[in-house]
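Each remark here refers to the structure printed beneath this line.
Quick note: the coordinates plus some simple rules give every number you see, no bench work behind them. All values reported here derive from a predicted model rather than from experimental measurement. Counting neighbours? That spans all protein chains shown, and the Cβs are built from the backbone with ideal geometry, glycine included.
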Amino acid sequence: MKTTNVDEVLSKVTEFLKTEARTETVVGNEFKLGEFTCVPVIRVGLGFGYGGGEGEDAKHAHGEGSGAGAGIGVDPLGFLVTKGSEISFVPTRVSKGLSAAFEKMPDVLEKFLAAKETEHVVAN
């Protein structure tokens, strides 16, 4: 069976990742917007697969085949924004539903514990 050298394919994919998924790609070049300095932040995802095989049927006919596939995705997450000594993250989308509830849980829990502490102090 004639096969592609998997090590060679992985080496080329690794070189591609070194070139494309560098800091400047994931955290883009900063730009000015009035008084603000903005730095775009994105997520890069990559997946690939390779497979092959060979076999014979009942008549002893021989066959072989292989295949490969790859995909890359780029997802804009938001911007790191600075003004003077202040820094904040501005997301590109607002969470909805259950994911928004989970994102707010630390704040809700903190307020709940602070209220409980206040009740405890007042009661004693």
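Structure values in brief
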item: Virtual spin-label span in nm between residue 118 and residue 50, 7 Å along Cα→Cβ; result: 6.2 nm
item: Share of Cα-Cα pairs in the stretch 6-93 lying beyond 21 Å, as whole percent; result: 55 percent
item: Net charge over other residues, Cβ less than 12 angstrom from the Cβ of residue 81 (K, R count +1; D, E count -1); result: -1
item: Efficiency of FRET between residue 59 and residue 17 - r from beta-carbon atoms, R0 35 angstrom, step 0.05; result: 0.20
